[in-house]
Structure formats: structure tokens, C-alpha cells
Amino acid sequence: MQRFQYYIDGEFLDGEARYPSVDPATGLIWAEMPEARESDVDRAVNAAETALYDGPWAKTTATQRGKLLYKLADLVAANAQKLAELETRDTGKIIRETSAQIAYVADYYRYYAGLADKIEGSYLPIDKPDMDVWLRREPIGVVAMMVPWNSQLFLSAVKIGPALAAGCTMVVKASEDGPAPLLEFARLVHEAGFPAGVVNIITGFGSSCGAALGRHPKVAHIAFTGGPETARHVVRNSAENLASTSLELGGKSPFIVFADADLESAANAQVAGIFAATGQSCVAGSRLIVERSVKDAFLSILKRKAEAIRIGSPLEMATEVGPLATKRQQDHVAALVEKSVRSGARLVTGGQRPDGEGYYFPPTILDCDAVASPSLAEEFFGPVLSVVSFDTEAEALKLANDTRYGLASGVFTQNLTRAHRLMKGIRAGVVWVNTYRAVSPIAPFGGFGLSGQGREGGLAAALDYTRTKTIWLRTSDDPIPDPFVMR
Ligand code: NAD
């Protein structure tokens, strides 16, 4: 059985407590993880604070920070296959996807490596003749990062990259489910040569380790990705340390198909949008909103594609849908499908969990036309698509915005002016037109409403890990006049 360690203050440690990690493809324990408790969290945050203000990191120039990040990027690229296999083993995410995604994670680190020495302060044209005033941009402080089980290397890269570029130090809490790739990534951080305490990587349970990290008095900012309910706990806890928060949460993203769209291409995008990553994707296009005149045609293409998907071992390159990450997740998906069918939704395909080992669930399509199905409102985080139809553009937009989430959306049409109207009208942080699930380190990403606040990716994300300091310098040699008049 493999044993993993956590990484605190430049050291790899077993931790006092350990817990088993289950391979979702078999349901069997395959590894042992270190469980960080409150005292470990305290140690990690203290190490991060010492590194921030007193260690060599405090004297590392922005250009040197960039060079370290480039080195880290190269190490991620060189170890992508190993990391991918670990992620696949520990989370069930298919190897086809993890290997491509982790190779791309290296580009996120490269993007922020290049940004490190481009984060500039400014000089203010102040309204007083004998003053020079600047804004310095400084690291925001010790950052607490929490990520969910899906895509841990990717979801941490969009936090660690900009935070390091900005000069912060951090404690990263891997999800208790599937932490292996992130714990292994710590070895690359070490090898890249970041000073001890700059990046600490731990794992543990949310209510103990996560909560202790989020409310730690020395944490200045919390970068959280996960569900909205957990985000509420995080925000409540941040009332203790008054840390700022950025929240990347769930979604119930609309995928709108107009009759004039290229249906074959839209169907491929819809398959990518809902069945890739076995649906365990925050941007899953989980609500298909299709023009009534092409609904049957589109559903028959989708059904054919869904039923042709190769379900199997996530470690096989040919597999297209693997298991869900946990038994809990499989139970949740099965229960919500059942509840939706009871409410009147019609199963177009899938819907039954298969017999046998592992936490599998087949690609599933629910026709929810004229039904108040819970599947239209609640996030599955699984391979389940809910379908409704519309007659007019206004109706399509109303359905798209009929959610408290607002993470992503897709619009498929050949009509340019309509595409523009929808881009403006949809209330979501990302609108993809005639494409879906495209991401880049250059493009900001984040949600509206219950999908969160703050943006990851792009230049602004690095600025979010800074705080400004205003410097006033009096340039006159004359004595300060009347002390009772504010100048
Ligand atoms: P979760 O909210 O249960 O857990 C996320 C992380 O928070 C885990 O590391 C967990 O241990 C930790 N945590 C739990 N309780 C905590 C607490 N009280 N204080 C601090 N940390 C705590 O999420 P999950 O079930 O692991 O992941 C699925 C959710 O993540 C879905 O809603 C999905 O949409 C969302 N997600 C969002 C994005 C995005 O970028 N918007 C990306 C991926 C996943």
C-alpha cells in the first residue's frame, strides 16, 4: 500500500493520524494519507508566516520568484504522467483527461512565472505640491487554499501560481478525497527550490483541518473552491480572522441550442460539457435548453453518442467515462435521479447504477419538459443531463437565468446578432459561443451568485493576491506649519 506524506516548512511528514484512501474504480483501499489536525494546521500557518516576513523569501526578487515558478512548471511537465496516474488512481478521473490536463497545468505556472515581475505599483498625481505619493503592491499575506477532489492539481495551480507570483506564502489543503496528486506535487515544489514554509501542502477533513485553517488568526486571504454550503462555513469562519475570500463554487450551467446550430457539433460539445470528467466538473453544462423544433433530432444524436461512450477502468486510455470519485457521490447522483424521475422526468438513457465493483454511474439524460424536476435546480456533479425546450429566444434566456448559480453557459447558434444578445443577457461568469469547456491561464474564470465571487486566471488574479500600501513622502525642507490644519 502506498503511503503519502504532507509537506510543512520544507519537511515531508507522516503526521500523527492517518486515514485510508479508496480507489473508486474498485472500492478498495489502495493508499494511506496523513490527516492534518489543528496542531499541524497551526504549524503550517506559522511556517508560512515566518517564511513571508523573516525567511529568504522576503528577500527574493520578483524576477527570482518568476524563475522558481518556471522551474516548477518544467517539473510539472516532466512529471505529468506520474501525477496523472496518481490522480486517476485516487479520484477515478480518466487517464485520458488527467494526462492532458496536467500537461496544461504546467502552462498555468508558466503564465504566472512570466507575470511575477510585471506586478507594478504606481505613482499618484497627488493634489499637493510638496508631496510624492506611491502605491506599493505587496503580497496580501499568508493565504489559505482549499480545493475539492476533482482536478486538484488544476484547481490549486490557479491559486498557487498567482499567489507565488505576488510573493505570498501559503497553506494548501488538499481534499480529503483523492489528495495523492497534490501531496506528490509538494515534492516538485521542494525540488524547484522554494524556501521552506513558502508552500505548505496538507490534507485532512473539512470540519477539522479545513475549518482550523480558514479561521487561523494569521491567515490573510482564503482562496476556496468547493460547494456553496461549505463556502458558507468558510465565510462564517472568516469572521474570526476577517480574512478576505475568493470563492469558486458550483454550477447548474445552461447549454442553449437553437434550431440553426450545427447539431452534430453542438452534440459533441454537450457530451464534453456533461459527460467528460464523469460530469464532476463545476462548469458541467447540466441543463440543456433546446429549441422545440429540433429537440427530438438533437436528443436522438445525444442519446446515440451517450450510449456509445466507453465506460471502464479510468487507467485505460480508451475509457471515456470512469467511476465517480466516492461512494457518497454515487449515492447522491443515484438518489437525485430517482427523485427527478418520481417528480415526472423521463429517462432518455442511463439512470441505473450498474452492478459490480467501483462507483460507476452511466451517462444519463432526463427529459424534464413541463416537469418541476429537482434535477433542473440541484447540482449532480455527475454525468446527468436535464433537458427542457423553448419556442422563443426570450424564453430560452429566461430558462437560462432560472437558477441561483451563474458559473458558465453555452450558446449554439449561427445567428450573430442573437449570439450577442445572449452574451449580454446570460447571468454567468463565462459564456461560450459555439464551443464549451474551453479554459486558458490568460482568461479569467469565476461565477455570479451561488457560483461564487472573485476570478481565477489572467492578470487580475495575481493582483488579488496583493494589497496596496500608500507611501507619502514630503519633499519640502521647510518646517511643518500649523499642526492643527490637516494638509
Ligand atoms: P466541498 O465544498 O465539500 O469541499 C471543498 C474543500 O473544502 C475540501 O478540501 C473540503 O475538505 C474543504 N472543507 C470542507 N469543510 C470545510 C470548512 N468548514 N472549512 C474549510 N474547508 C472545508 O466540495 P466537494 O464536494 O469536494 O467538491 C464539489 C464542489 O466543488 C461542487 O459544488 C463543485 O461545483 C465545486 N467546484 C467548483 C469549481 C469552480 O472553479 N467553480 C471547480 C471544481 C469544483
Unique match (being in a strand (DSSP E or B) and either of a type in the set (V, I, T) or more than 23 Å from the chain's Cα centre (by Cα) (or both)) among V371, V333, V341, V348: V348
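Residue-by-condition table, conditions (1) surrounded by fewer than 10 Cβ atoms within 10 Å (Cβ to Cβ); (2) within 16 Å of the ligand (Cβ to nearest atom):
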site	(1), (2)
F445	no, yes
F448	no, yes
S451	no, yes
G454	no, yes
G457	no, yes
A461	no, yes
R467	no, no
S476	no, no
V485	yes, no
Top-ranked residue of the stretch 288-303 - restricted to ones that are of a type outside the set (A, V, I, L, M) and touching an Asp or Glu at 6+ places or on another chain (Cβ under 9 Å), ranked as farthest from the ligand (Cβ to nearest atom): S293
Residues being open to solvent by 70 Å² or more (accessible area, probe 1.4 Å) and touching a His at 6+ places or on another chain (Cβ under 9 Å) - total across the stretch 12-37: 0
Criterion (touching a residue at least 40 places away in the same chain (Cβ under 8 Å), within 8 Å of the ligand (Cβ to nearest atom) and in contact with a Ser or Thr (Cβ under 9 Å, 6 or more places away or on another chain)) met by exactly one of G204, G197, G250: G250
Test: residue in the stretch 211-229 that is among the small types (G, A, S), within 20 Å of V105 (Cα to Cα), away from the ligand (no atom under 15 Å from the Cβ) and surrounded by fewer than 24 Cβ atoms within 10 Å (Cβ to Cβ): no
Checklist (1) within 11 Å of the ligand (Cβ to nearest atom); (2) assigned to a helix (DSSP H, G or I); (3) crowded, with 18+ Cβ neighbours inside 10 Å applied to G273, failing item: (1)
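The values are calculated or read from the model by the stated rules, or taken from the named source; none is laboratory data. As the structure is a prediction and not an experimental result, all values here were calculated from the model. Counting neighbours? That spans all protein chains shown, and the Cβs are built from the backbone with ideal geometry, glycine included. Surface areas here come from the heavy atoms of the whole protein model, side chains and all, with no ligands, DNA or RNA. Shrake-Rupley method; radii C 1.70, N 1.55, O 1.52, S 1.80 Å.
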